Structure formats: structure tokens, C-alpha cells
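Okay, structure first, notes after.
The values are calculated or read from the model by the stated rules, or taken from the named source; none is laboratory data. This structure is a prediction, so every number in the text was calculated from the model and none was measured. Here the Cβ positions follow ideal geometry from the backbone for every residue, glycine too, while neighbour counts run over all protein chains shown. With ligands, DNA and RNA removed, areas are computed over all heavy atoms of the protein, side chains included. Shrake-Rupley method; radii C 1.70, N 1.55, O 1.52, S 1.80 Å.
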Amino acid sequence: MDSSAERAYELDRAHVFHSWSAQAQIKPMVVTRAEGSYVWDGEGAQLLDFTSQLVFTNMGHQHPRIVRAIQEQAAELCTVAPGYVNAARSEAARLIASHTPAGLDKVFFTNGGADANEHAIRMARLHTGRQKVLSTYRSYHGGTHLAVNVTGDPRRWPSDNGAAGTVHFFGPFLYRSAFHATTEAEECERALGHLEQVIALEGASTIAAIVLESIPGTAGIMVPPAGYLAGVRELCDRHGIVFIADEVMAGFGRAGRWFAIEHAEGVVPDLLTFAKGVNSGYVPMGGVAINEAIAATFADRVYPGGLTYSGHPLAAAAAVATIRAMEDERAVERAAALGEEVFAPRLAELAGKHEWIGEVRGVGAFWAIEFVSDPVTREPLAPYGGSSDAMNRIVAGCKQRGLLPFVNYNRIHLVPPLTSTVEQVADAIDILDAAIADAGAQA
Ligand code: PLP
């Protein structure tokens, strides 16, 4: 490592307290430089960033147009409190509303995804006068108190004090069906039947909202079967429940549509939360897109919530530049094409080659590879909520060969910038192929 990378590492270990980690057991990678789909580590090694960090650099690293917009905004007006009107914020809200599903025309800005979900839930509770919130087990909705209790995945467990009124149910996931289903259609019908029962037994009149990732992200990129989200919409309508679509990870082009919920044609949530891709994560920003009925609730009644940095001008300027660059570079269409033309066929080929691959699934630039130790029993190659030597060997092999993959238990997610080239995706899959073969040979 050169001396400045070494100094950064030493100071980090002395003073930086890292998220989701046992502090003494981590060796975080130093990143000295990044550009497009690549990052460079402290040793000077170049790696293909197929994590988009935490799935947020949708337009790649150091996009010149976004960098320039932040610089120009900083020179003009660095910051102003949320109560004032600011041109960058107004334009960001207009651009966001121009892409959200029809009717979601007002935007409440937050600092990230967790607080977007917290505020969406608060709006739903005040709008309905009900308290309970339903969400799926295989989900992640954020790390703040309520958001982590709404979360279904194991990150909830250490903070699980049953935050008032959070109830979990099973979403559709055919490969590990909770309903013994054998087809997507069966899974859809049974998952909706299950949700209908949960609503009945919890008491529809106690339920404020159902919070769903339009495509669950970190929990496994399970694209819902055709008809599922329409079925949820119908249940919400029938029972006066607010439908909150969490598009924090799946939104802003990741799934080959501006918002992943567009894959379910005609389905419009009441509230839609976003963050990450809205400005490629260059400056922290999230938000809630709000429909007319819920906005009307707060027309003459105070909305009792806010944040010091809501709609921060630097974040808003980055959002304006990101969305315009996405439009001009046809980033969403490119992501869709990468999914159809490269990821789908190449990953299917990979699955055919390696016994350890139980399933590949995804859409756009949003793909998961599910590793199993036994293709018949589907025993995960690392336990739920844990890791294993075999998974660690695959990941280490990827990094040695120049690929940074996103890892979650027994899964590797390939979630590169939407701007990645066909060649970069092909390179990443070749590297993964070699890393799996090597890790298997050492078993
Ligand atoms: N919702 C989803 C679907 C996410 O993937 C995440 C973060 O990964 C969040 C919410 C929380 O966002 P943040 O970390 O910006 O608070």
C-alpha cells in the first residue's frame, strides 16, 4: 500500500466505527480512486465494481455531469433550510414526479432510504388512523428503529423489540416456496391467499400499510410473479390499506424500468419511497413520492415531521444532473438490454456449468445467483444470516481476479452501474465462472 492509503487505513481502524460489523474482525478495503464501473484499492489494483457500492452508483463513479452539477451548486448556494424554496430542489421534485407512476406528484425529501420508509409509514398511519404495518420476512427497509423492525431479514434480530405494530408475512419466492408451490402461477395465488388470511386474522381495520419492495433487493432479488403486485393492490383497495412500494434499491433504472413496479403494468402504489439511484448516491438523498389522496390529508392539517437536510441543494443538484443524464444516455433502456441480452443468457449458461448454482434470477442490471451445496435439497451454501468457507472462497477468487461482487449469505448479486458495457458484464461473468470452478476444486 502506498503511504497515504496506509495512513487512511490506520486512522480508519483507530477511529471509524463501521456499520453492521464486529469492529475487531474487519479489514475494510481502501478505495483510492473510482471511475465508471471500476474502483482501485489501496494496493493500486483495479476492480470491476459489480456492487455499485451499496447498489447506488447507477450512473457509475465520477460521472462528469453529476460531479460538475455538485460543483456548480456548491459555488452558487451550498445549503438552505427545507422551509425555503430552492431551484435545485424544485427541479429535482419535478423530474422525479415526471418518472414516478401517474398520480404520485408530490415529493417529501429525506436523507436516505430508511427515513423515507419511516416517513411513508407515518403518513400512512396519520392518513388511515390505523397503526399496524405489514411487510415480508425476506425484505430490508432500513437501519433506523422502525425501519429495521419493519425489515424482515436477519438484520432485524439484534434490534427486534417488536416496534409497535410491525407484522411479517411470506412474499412469493418460488425457489424456496413457503407454500409448496411448483409454478409461478401457483406461488402467486397462494402467496396472495396467505396475505389475505394475515390481513383477516390481524384485523383489516388495524392495518395502516403494507410495505413491499417492488423487487426485494438485498434479500435475494426475487422478481414477483405476474399478478402478485396487482393482487396486493386489490387487497389494499378492498381494505383501505395504504400500499407503500419501497423502490430504494429497485428504483431509478436498476430493474430496467424507471421504477420496478412498472413491470406490473397499471399497478400504482399510494406512496413510493426512493433513495440511492435518485442521484447515484453522490450526496445523501431519499424521499417519498405521494399520491393525491394522501397529499390532500395534509393540505389543511400539519404534517408532523421533517429533517434539517430535507431536499439539500447539493443532493438535489446531483439528482437533477443524474436524472437528466439517465434520460440523455438512455440508461434505463440500456439496463433492460443488458439484462435481456447479456445477463440472462450468460448466467443461464453459468448455472448449467456449476452444481453449486441453484438458481439465477433477475432483470435489468439486478441479478442474484443462489448458491447451494446440494441442488436437490437446495441446502444453501452458507446458512441464512451467516457465511461459509465455500462462499468466502468464491468471493476471494472474484476479488483476486478483479471483480467486486455484492455478497449476502449464500448469494452473490451482480448489480453494476447501468452504464456498464456488454464487455464489462461478460468479463465479470467470466471471472465469476473461474472463481466458482476454483473454489469448487478446493472443496
Ligand atoms: N429500502 C431498501 C429496499 C434498501 O435496499 C435500503 C438500503 O439498502 C433501504 C431501504 C435503506 O436505505 P438507507 O440505507 O439509505 O437508509
Residues whose built amide H sits under 5 Å from the amide H of SER214, excluding neighbours closer than 5 in sequence, are ASP246
Under the Karplus curve 6.51 cos²θ - 1.76 cosθ + 1.60, θ = phi - 60°, whole-Hz ³J(HN,Hα) for region 109-125, x wherever Gly or Pro sits: 8, 10, 8, x, x, 4, 6, 4, 5, 4, 5, 4, 5, 4, 4, 5, 5
So how do TYR384, TYR409 rank on accessible area, 1.4 Å probe, biggest first, that is with the largest at the start? TYR384, TYR409
What part of the accessible area of region 64-329, given as a whole %, is carbon or sulfur when the probe is 1.4 angstrom? 54
Most mobile listed residue (GLY112, GLY165, GLY385) in the chain, GNM with C-alpha springs under 10 Å: GLY385
Have a look at HIS168, HIS194, HIS180 and tell me which one the Gaussian network model of the chain (Cα, springs below 10 Å) gives the largest fluctuation. HIS180
Kindly provide the helix-only [θ] at 222 nm of the chain, computed as the sum of -39,500 (n - 2.57) over DSSP H runs of four or more divided by all residues, to the nearest 500 deg cm²/dmol? -11500 deg cm²/dmol
Beta bridge orientation in region 64-329: antiparallel %, DSSP, nearest 5: 35
Show which lysines lie in cross-link reach of LYS399 when reach means a straight Cα distance below 20 angstrom and same-chain residues fewer than eight apart are skipped. LYS27
Would you mind putting 71-77, 335-341, 12-18 in packing order, based on average other-beta-carbon counts within 10 Å, highest first? 335-341, 71-77, 12-18
Show me the three semi-axes of the equivalent ellipsoid for region 112-155, from the C-alpha gyration tensor (sqrt of 5 times each eigenvalue), largest first, rounded to whole Å. 18, 12, 7
Straight-line reach from LYS353: which lysines have a Cα under 20 Å away, not including same-chain ones fewer than 8 places off? none
Cross-link partners among lysines for LYS106, C-alpha distance below 27 Å, same-chain residues fewer than 8 apart left out? LYS132, LYS276
Expressed to one decimal in nm², the mean projection of the alpha carbon convex hull of region 289-402 is 12.9
Of all alpha-carbon pairs in region 4-151, indicate the percentage at a distance above 17 angstrom. 77
For the chain, projected area of the alpha-carbon convex hull averaged over all directions, nm²: 21.1
Quick one: Karplus J couplings for region 394-410, per residue in order, coefficients 6.51, -1.76, 1.60, θ = phi - 60°, nearest Hz, x for Gly and Pro? 4, 5, 4, x, 5, 5, 4, 8, x, 10, 9, x, 8, 10, 9, 6, 9
In percent, how large is the relative contact order of region 64-329, given Cα pairs closer than 8 Å and 6 or more residues apart? 30
Output the peptides 322-332, 277-287 sorted from most to least packed, where packing is the average of other Cβ atoms within 10 Å over each peptide's residues. 277-287, 322-332
